[in-house]
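No lab work stands behind these numbers, since they all come straight from the coordinates. Keep in mind that what you see is a predicted model, and the values were worked out from it rather than measured. Neighbour counts run over all protein chains shown; Cβ positions are idealised from the backbone, glycine included.
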Amino acid sequence: MFKAVDKNKIFDSNKKFLNNLNKDYDYFCEKVSRLNIDIKALKKKISSLNLALPSWGLGTGGTRFGRFPGLGEPRNIFEKIEDCGVVNDLVGIASSVSPHFPWDNVEDYKALKDHATSYGIKFDVVNSNSFQDQINQKYSYKFGSLTNPDKSIRQQAVELNIECINKGKTLGSKGLTVWIADGGNFPGQQNFSKALSYYIESMQKIYKFLPKDWKILLEHKPYEPSFYSTVINDWGTSYICAKELGEKAMCLVDLGHHLPNTNIEMIVSRLIDLKKLGGFHFNDSKFGDDDLDTGSINPYELFLIFNEIVCAFDQKKISNMSYMIDQSHNVTDPIESLLQSSNEIISAYIKSLLVDQKKLTNLQKENDIIGANILLKQAFNTGVSALINKTRYENNNAIEPIYTYRELNYKKEKSKIRIQNKKNNPGIV
Ligand code: AFD
Ligand code: MN
Ligand code: MN
């Protein structure tokens, strides 16, 4: 689209890398030719990956201890979309944004859509925020939203989700993701059984309003902000609810929403077999729902997850998947984090496509454990950056997105226009 970034600037910046890129690319082609891999097909896979950016990830995040606003950060959804445009112009695979309501409320949704379209950005699934109270809100979500013991509060949360669907319809979204913070901080606080049945009852009401071609994604999380129990705590509970709701309800796997050491790739496999895996929120973590940058700590896990997805696509067990980044950029420029994360995601994906699935099946049959492990490791250890960078170059995107981005001095320029209000709010966004 190249409205956010001048195409010529990308072209000029690319010149510096072209010579070396071609050498690296030739080496890559030579290497994979021995593996009987179709490079054209790989390039097509790279170009067609669709990675949604979270609107809240464009602003500087924070923790409950504080937030340190970054230079020139976007002040509203319109400016966030401009920043999405920058990311997408540089990497070419991030052409949609996932809005969060009421954070991203505007007066004119048609105007918002037109604004996004002018930057080449589409709207991915919409998200509902029933984990905070808003000014002028009748009832508080302090003790829960969709699962609150009070019927009127549950109804208010249901209506919030229906409003999200209506906003999404104007924006051209095709889905709603629901993550609730509901749960308990003390034993005895909540009746587990009632809370879950309230959830299903509330979600059924929302489900009725889903347009035909929409899906509803259920996002689970084991703890936080409730620290004793969470209503939709794990993939099993999420699956039960999705099954209860119907065909359009699918489970969403946020990589940070698992207890330490959980085998996430196995959960992915299970949900695929159960025909209920709808999408991902990518991020990385060390201790909990850290919302760190995807692949920054455990790129091998990301690769193993993609290996399950690729295998399922091969076997026609799945035909589409929704990919989104869900990170909190507390100490970096969110644009740089998103550029780097998109690179980690595409790398893990492409590496997983290098796995010879037939060979793997045979090695598994023969119980060749080391052989199977070597097969995976060989794919994981294959350098794919030349292929990815070359594809980006051919699509007029940046060979080295972060380098080019830094040359633009984008945030410095924006800081002259985006005058921030001085409040240093703690909180997730
Ligand atoms: C939460 C969940 C969910 C939610 C987001 C809000 O990951 O995706 O919408 O953070 O910032 O932990
Ligand atoms: Mn998430
Ligand atoms: Mn999270």
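For region 316-429, a crude dipole built from +1 on the beta carbon of Lys and Arg and -1 on the beta carbon of Asp and Glu, taken about the Cα centre, is about 380 debye to the nearest 20.
Taking the Cα centre of the chain as reference, the dipole from Cβ charges on Lys and Arg (+1) and Asp and Glu (-1) amounts to some 700 debye.
For the peptides 298-307, 346-355, 187-196, the ranking by packing is 346-355, 298-307, 187-196, with the highest mean count of neighbouring Cβ atoms within 10 Å listed first.
Which pairs break 29 Å Cα to Cα here: Lys142/Lys208; Lys212/Lys275; Lys243/Lys317; Lys351/Lys412; Lys316/Lys377? In this structure, Lys351/Lys412 exceed 29 Å between Cα atoms.
Each principal axis of the Cα cloud of region 1-98 was taken in turn, and the coordinate range along them, longest first, works out to 52, 28, 26 Å. Of Ile165, Tyr119, Phe143, which is farthest towards the positive pole of region 117-193's charge dipole, taken about the Cα centre with +1 and -1 on the beta-carbons of Lys, Arg and Asp, Glu respectively? My answer, from the dipole projection, is Tyr119.
The distance separating the Cα centre of region 195-269 from that of region 111-126 comes to 27 Å. For the chain, the spherically averaged projection of the C-alpha convex hull amounts to 21.3 nm².
Counting only DSSP beta bridges with both residues in the chain, the antiparallel share comes to about 15 percent. Candidates Ala348, Ala372, Tyr323 compared by Cα position along the dipole of region 307-429: farthest toward the positive end lies Tyr323, with charges placed on Cβ.
Could you pull out the pairs from Lys221/Lys276; Lys43/Lys248; Lys3/Lys414 whose alpha carbons sit more than 20 Å apart here?
The answer is Lys43/Lys248.
Counting every Cα pair in region 74-161, what percent are over 21 Å apart? The calculated P(r) of region 74-161 puts 42 percent of pairs beyond 21 Å. Which of the chymotrypsin sites (Phe, Trp or Tyr not before Pro) found in region 30-123 are in a DSSP loop and have at most 13 neighbouring Cβ atoms, other than their own, within 10 Å? Answer by residue number: Phe65. About its Cα centre, the dipole of region 188-233 is roughly 180 debye, where the only charges are +1 on Lys and Arg Cβ and -1 on Asp and Glu Cβ. In a DSSP loop and with at most 10 other Cβ atoms within 10 Å, the trypsin sites (Lys or Arg not before Pro) in region 108-177 are Lys138, Lys142. In the chain, taking the dipole from charged Cβ atoms about the Cα centre, the farthest positive-side position among Leu210, Phe186, Leu53 is held by Leu210. Loop-located GluC sites (Glu not before Pro) across region 331-416 with a Cβ neighbour count of 16 or fewer within 10 Å are Glu366, with loop assigned by DSSP. The calculated 222 nm mean residue ellipticity attributable to helices in the chain amounts to -15000 deg cm²/dmol, summing -39500 (n - 2.57) over DSSP H runs of n ≥ 4 and dividing by all residues.
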